[in-house]
Amino acid sequence: MEVSSRQDTKTELLRSAERLIAERGLGAVSVKMITTDAGARNPSAVHYHFGSIESLIEEVFAKRYREIEAERAVRLERVTESDPQARLVALVEAAIGPFLEACLEENGRVYALFCLQFVSDPRFDYAKLIMDAGAQTFVRLSEEIVACLPHIPFETLEPRMRQSFVIAMVQAVSFSRAVEAGTAPPIAAAIREAATCQAAYLSAPL
């Protein structure tokens, strides 16, 4: 019972942190707010379970990202295009598709808003966190994109790939708001448009 109670508290802390940060922004959310919202009796619950608020925030990001990562791996296996430009768009579709599809549900929309806050905060190195989580598709996707764009020097392409991740968060939030407003395009069209825009950014002439 005690183990179950600890796990329930940890789960509630993750859920509260994700929602509060999505609603109010990272700078406006304190440890006390998260603890109170989660209904934790121990005011030091965040530090007990995670060590610090930064570690809690990183776990919120990584927990759902692992689910998206698993779906992305499946989709990357289905990419068969051989033309470099068509393949680039298909790769980005496979990468961003699971994220946009998650935004059809409320939990996914909350996560998208949280991620936009997370990736724009200089305290967090999201690329390192993805690698630490064992995100093998992140490595494969990077390698495939480089192979599609041999005319773009790696020192230019590498920061573009990092920035495209942030762009994906903006696209997801924009799609989330359209879903809530009832104005979102069909999901397949939304994914294609997002991927086409990102592919154009990645392949833009020097």
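Here are some notes:
- Bridgeable lysines around residue 32 (alpha carbons under 19 Å apart, same-chain partners fewer than 8 residues away excluded): 10.
- Solvent-accessible area per residue, Å², over the stretch 1-95 with all protein chains present [probe radius 1.4 Å]: 55
- Ellipticity estimate at 222 nm from DSSP helix runs (n ≥ 4, -39,500 (n - 2.57)) divided over the chain, nearest 500: -25500 deg cm²/dmol
- Mean separation of Cα contacts under 8 Å, 6 or more apart, over the residue count of the chain: relative contact order %: 24
- Whether the stretch 117-206 is rounded, prolate or oblate, judged on the alpha carbon gyration tensor where a/c under 1.5 counts as rounded: oblate
- Taking the C-alpha atoms only, the angle from helix 2-24 to the longest principal axis of the chain is near 60 degrees.
- Most to least packed among 109-119, 66-76 [average Cβ atoms within 10 Å]: 109-119, 66-76
- Gained length - residue 204 relative to residue 52, 0.36 nm times residue gap less alpha-carbon distance: 50.7 nm
- Inter-label distance, nm, simple model (7 Å from Cα along the C-beta direction), residue 80/residue 183: 3.9
- Apolar share of the accessible surface for the chain: 54 percent from carbon plus sulfur atoms, 1.4 Å probe.
- Sorting 49, 151 on solvent-accessible area from highest to lowest, probe radius 1.4 Å, gives 151, 49.
- Our summary of shape: the Cα atoms of the chain have principal axis extents of 58, 38, 32 Å, ordered from largest down, in whole angstrom.
- Gaussian network model of the chain, springs between alpha carbon atoms under 10 Å - residue of 139, 31, 179 with greatest fluctuation: 139
- Estimated FRET transfer efficiency (residue 105, residue 151; beta-carbon r; R0 45 Å; 0.05): 0.70
The values are calculated or read from the model by the stated rules, or taken from the named source; none is laboratory data. Because the structure is predicted, anything quoted here is derived from the model rather than measured. Cβ atoms come from the backbone with ideal geometry, glycine included; neighbour counts cover every protein chain shown. All accessible areas refer to the heavy atoms of the entire protein, side chains included, with ligands and DNA or RNA removed. Shrake-Rupley method; radii C 1.70, N 1.55, O 1.52, S 1.80 Å.
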